[in-house]
Amino acid sequence: MVENRPWLAFFTHVVLLIGIAIIALPIWITFVAATHDEIRMTQVPLPLLPGDQFWVNLKATLFGRGLSGTETAPVWLMMLNSLVMALGIALGKIAISLLSAFAIVYFRFPFRMGFFWMIFITLMLPVEVRIVPTFEVVAQLGLLNSYAGLTIPLIASATATFMFRQVFLTIPDEMLESARIDGAGPMRFFFDILLPLSRTNIAALFVILFIYGWNQYLWPLLITTDSDMTTIVMSIKQMLEAAEQSPQWNIIMMTALLAMLPPVLVVVLMQKLFVKGLTETEK
Amino acid sequence: MAKIRLDNLRKSYGGTEVLHGVSGEIEDGELVVIVGPSGCGKSTLLRMIAGLETVTAGEIHIGERMVNGLEPARRDIAMVFQNYALYPHMTVRQNMAYGLKIRGLPKEEINRRVEEAADILELREYLERKPRQLSGGQRQRVAMGRAIVRDPQVFLFDEPLSNLDAKLRVQMRLEIRKLQKRLGVTSIYVTHDQVEAMTLGDRLMVLNGGYVEQFGTPIEVYERPQTVFVAGFIGSPAMNFLPAELSDGHVVLGNGARVPGGAGEGEVTLGLRPEHLVADEDGPVRVRVALMEQLGANTLIHGVLEGTDQEMVVSLHGIRDIAEGEVMGFSAPQDALHLFDRRSGRRIN
Ligand SMILES: Nc1ncnc2c1ncn2[C@@H]1O[C@H](COP(=O)(O)OP(=O)(O)O)[C@@H](O)[C@H]1O
Ligand SMILES: [Mg+2]
């Protein structure tokens, strides 16, 4: 649909600009707040233009011992924790889903459909629903305050399994037969043929799952009590309530900015593969 | 190189049997074409030989070995699929080398073989391309190349040309034929196209509904089809079939006309190839012309046997001009009569 009506073009641009402004303004304010000193942020009117304290705040946030008057982990450690959790969840989910989809599509084992439906049913049980029993299990296993406890309960994933199942089903049977004649065993077929053919789908899923993992809030809040294990997303909320005094907006906003950064980077870096993975059909 | 022996092979899916005891021997270096209509079990048979389907009953021997229980990779075969089944993420070179790499051949040996095959198939300049950057014919060649580099005892082809356009198909058919003769590898080629079967095969195995109808050279199959099915399947335009009766040295047609030939008594089906009828004003086979098709080199006359509603086709050389509704006479040489038992459909002369 190509239309050439100047007013329509003008109107659509205005709508788009308003949309961008609505999304961008809070981010701008976050950025501005992160560039002023603590005092300035408590005075009205709030600044709308950046100040000169950016590097000072960055250093204080990343390496300082949290807000004044509290004893929290430095933000770099929180970012590291978040990164480990997000990567663990994303990579773990992809690995488990690839393998289970491989088993369901390519092997004829007893109760195959039974397992298929068992995986299917977990779709109805996200962490929030099973949070109490899952906590109990993790506690019993002694996994509180550990990376394993942060990631493993979030790894089993029906959606990703289904996605890979669909991907594998589009690969013609002759590909498998050809590989069998070439002498490739099942795992060789998996690594040499299936994985490369699912490359773009894996990338797309990685982006989605990394963000999902990075943004986890409730689960880390529940199972980490040690301040060295806090993740950055949960720490923002804690910072707001932490001190008796009024919130240190410059530090909090800097933390928020830092928390946004990795997901943005992942999206930007993997954009090409991401789009390909969601749209490409040719096998 | 090796002989292949099939011994009463059967295949069932669930409760339904789709191959009902297929036997036959394929000689060393021979190219046998398995031909038959869609769904008759050709691919199933080929895939059983390849080891991609299990054998329900019977035995497959390649060379001296009984291979029933062997994995495809251990049968020393190579297969070319209808959709080529090239690995899309590998280059042409990698596609051809993959099987050899798994077998653990040294790198230089792999490269030597791949390049040799590429030379034979004129693929040299495409070695570093991906399959999607190739035309259909080139992909076909890569699939062949992948088979050649393995240097197998047996080539198996499952309708390898049916995704190509008509012209390329004829060209590739000749190339496959030449290549097979040059390499001398025992080959089995599956197709539903009778022209492909006739031109390509040293021998044809005509399959119908899971039974072998006939196994012989193209000429045998054409000149002495053993069943009504084979007679109708091989040859174009298809053979005419007329219900008839044998009586003292003549074949009596439905309209009472008597064609000399045949021995014995009883109800038969008379088969007459369109191209074997000879225009003859006094001939016993009289056809009322309904429609003409001018093909240039010959003329097809569609009509009915006069006095009946049995449809017939006659093919005459050259360009003819015959009015619709006219009655033409034809005679049929004795050696052009194909007589089949009416009930069993088996040949009796
Ligand atoms: N995996 C299968 N399960 C059940 N029936 C099958 C299967 N594969 C083939 N068949 C049946 O076996 C018969 C022969 O199939 P096939 O060998 O593919 O025929 P074609 O001669 O066209 O190659 C067909 O009737 C088909 O429906
Ligand atoms: Mg087939």
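Amide H contacts for B:M239 (H built 1.01 Å from N in the peptide plane; partners 5 or more residues away or on another chain; cut-off under 5 Å): none found. Output the 0 to 90 degree angle, nearest 10, between the alpha-carbon long axis of helix A:75-106 and the longest principal axis computed from the alpha carbons of chain A. With rounding to tens, the tilt is 20 degrees.
The dipole here belongs to the stretch B:4-228: it is taken about the Cα centre, uses +1 on the Cβ of Lys and Arg and -1 on the Cβ of Asp and Glu, and is about 820 debye.
In chain A, what percent of the accessible surface is made up of carbon and sulfur (1.4 Å probe, ligands and nucleic acids excluded)? Provide the component values of the computation, followed by the final result.
On the way: 11550 of 15980 Å².
The nonpolar share, carbon plus sulfur, comes to 72 percent.
Converting phi to 3J(HN,Hα) with the Karplus coefficients 6.51, -1.76 and 1.60 and the offset θ = phi - 60°, the stretch B:16-26 yields 9, 8, 10, 10, 10, x, 9, 10, x, 10, 10 Hz in sequence order, with x at every glycine or proline.
Of the two radii for the stretch B:4-228, the radius of gyration is 0.97 times the Kirkwood radius, both from the alpha carbons; that is the Rg over Rh value. Around the Cα centre of the stretch B:108-218, unit charges on the Cβ atoms of Lys, Arg, Asp and Glu (plus for the first two, minus for the last two) sum to a dipole of about 180 debye. Pairing chains B and A buries close to 1900 square angstrom of accessible surface in total, based on protein heavy atoms and a 1.4 angstrom probe.
Given a 1.4 Å probe, how much area per residue of the stretch B:7-58 is accessible, in Å²? Kindly include the intermediate steps, with their values, before the conclusion.
Working: 1850 Å² over 52 residues.
That works out to 36 Å² for each residue.
Applying 1/(1 + (r/R0)^6) with R0 = 41 Å to the Cβ-Cβ distance of B:Y211 and B:I120 gives a FRET efficiency near 0.60.
Quick one: if the Förster radius is 35 Å, what FRET efficiency do A:W117 and B:V18 give, using the C-beta to C-beta distance and rounding to 0.05? The partial results should precede the final answer.
Numbers: r = 31 Å, r/R0 = 0.89.
The computed FRET efficiency comes out at 0.65.
Both radii were evaluated on the Cα set of the protein assembly as shown; the Rg over Rh quotient, with Rh as the Kirkwood radius, amounts to 1.19.
Counting only protein chain heavy atoms and rolling a 1.4 Å probe, the accessible areas of B:L70, B:L123, A:L125 rank, largest first, as A:L125, B:L70, B:L123. Distance between the modelled labels on B:E128 and A:W28, one decimal in nanometres: 5.0 nm (7 Å Cα→Cβ projection).
Do the alpha carbons of any pairs in B:K3/B:K181; B:K3/B:K101; A:K93/A:K237; B:K107/B:K178 sit beyond 20 Å of each other, and which pairs? All intermediate terms of the calculation are to be shown ahead of the outcome.
Details: B:K3/B:K181 16 Å; B:K3/B:K101 27 Å; A:K93/A:K237 27 Å; B:K107/B:K178 29 Å.
Long pairs (Cα-Cα over 20 Å): B:K3/B:K101; A:K93/A:K237; B:K107/B:K178.
Considering every residue in B:97-107, what mean count of other chain Cβ atoms within 10 Å of its Cβ is obtained? Spell out each step's value before the answer.
Numbers: counts 1, 8, 6, 2, 4, 7, 2, 1, 0, 0, 0.
Average per residue, whole number: 3.
The value given for the stretch B:237-341 is a Kirkwood hydrodynamic radius of 13.7 Å, derived from the mean inverse Cα-Cα separation. Rolling a 1.4 Å probe across all protein chains gives A:M270 an accessible area of roughly 50 Å². Rounded to 0.05, the FRET efficiency of the A:W55 and A:A21 pair, given R0 = 35 Å and the Cβ-Cβ distance, is 0.80. The accessible surface of the stretch B:182-238, taken with every protein chain in place and a 1.4 Å probe, is 54 percent carbon and sulfur. In order along the stretch A:198-204, the phi-based Karplus estimate (6.51 cos²θ - 1.76 cosθ + 1.60, θ = phi - 60°) of 3J(HN,Hα) comes to 9, 3, 5, 5, 4, 5, 4 Hz; Gly and Pro are listed as x. Per-residue SASA remark: A:K93, around 20 Å² accessible (1.4 Å probe; ligands, DNA and RNA not included). For the protein assembly as shown, DSSP calls about 75 percent of its internal beta bridges antiparallel. Over the residues of chain B, the helix contribution to mean residue ellipticity at 222 nm works out to -7500 deg cm²/dmol, using -39500 (n - 2.57) for each DSSP H run of at least 4.
Given that compact globular proteins tend to follow 2.2 N^0.38 Å, what is the ratio of the alpha-carbon Rg of chain A to that value? Could the numbers behind the result be given before it?
Working: Rg = 23.8 Å, N = 283, 2.2 N^0.38 = 18.8 Å.
Normalised by 2.2 N^0.38 Å, the Cα Rg of chain A equals 1.26.
Segment B:N8..B:E245, full-extension length gain: 81.7 nm, with 0.36 nm per residue of separation and the alpha-carbon distance subtracted.
A convex hull fitted to the Cα coordinates of the stretch A:1-155 yields 258 cubic angstrom per residue.
Label separation (A:D37 vs A:K272): 4.6 nm, computed from points 7 Å beyond Cα along the C-beta direction.
Near A:A34, no amide H atom lies under 5 Å from its own; only residues 5 or more places off or on other chains count, and H is placed 1.01 Å from N. Ranking B:T91, B:L52, B:A78 by how far each Cα lies toward the positive end of the dipole of chain B (charges on Cβ) leaves B:T91 at the top. Across the stretch B:145-162, rounded Karplus estimates of 3J(HN,Hα) from the backbone phi angles (6.51 cos²θ - 1.76 cosθ + 1.60, θ = phi - 60°) give x, 4, 6, 5, 4, 6, 6, x, 6, 9, 9, 10, 10, 10, 6, x, 9, 6 Hz, Gly and Pro being marked x. When +1 charges are put on Lys and Arg Cβ atoms and -1 charges on Asp and Glu Cβ atoms, the dipole computed for the stretch A:1-118 relative to its Cα centre reaches about 580 debye.
Ranked highest first by average number of other Cβ atoms within 10 Å, how do A:207-219, B:56-68 line up? Don't skip to the end; give the middle numbers.
Numbers: A:207-219: 18.9, B:56-68: 15.8.
Ranked by mean Cβ neighbours within 10 Å, highest first: A:207-219, B:56-68.
With n ≥ 4 as the cut-off for DSSP H runs, can you work out [θ] at 222 nm for chain A, using -39500 (n - 2.57) per run divided by the number of residues, rounded to the nearest 500? Before the final figure, lay out each step's value.
Working: 13 runs with 185 residues, N = 283.
So the calculated ellipticity at 222 nm is -21000 deg cm²/dmol.
Computed over the stretch B:198-241, the alpha-carbon pair-distance distribution with 10 angstrom bins reads 30, 59, 10, each value a whole percent.
Which order do B:K167, B:K3, B:K130 take by accessible area at a 1.4 Å probe, largest first? Don't skip to the end; give the middle numbers.
Working: B:K167 165, B:K3 95, B:K130 60 Å².
The most accessible residue leads, giving B:K167, B:K3, B:K130.
Rolling a 1.4 Å probe across all protein chains gives B:F241 an accessible area of roughly 70 Å².
The values are calculated or read from the model by the stated rules, or taken from the named source; none is laboratory data. Just so you know, these numbers come straight off a predicted model, no measurement behind them. Cβ coordinates were reconstructed from backbone atoms using ideal geometry, including for glycine residues, and neighbour counts include every protein chain displayed. We work out accessible area using only protein heavy atoms, side chains counted, and drop any ligands, DNA or RNA first. Shrake-Rupley method; radii C 1.70, N 1.55, O 1.52, S 1.80 Å.
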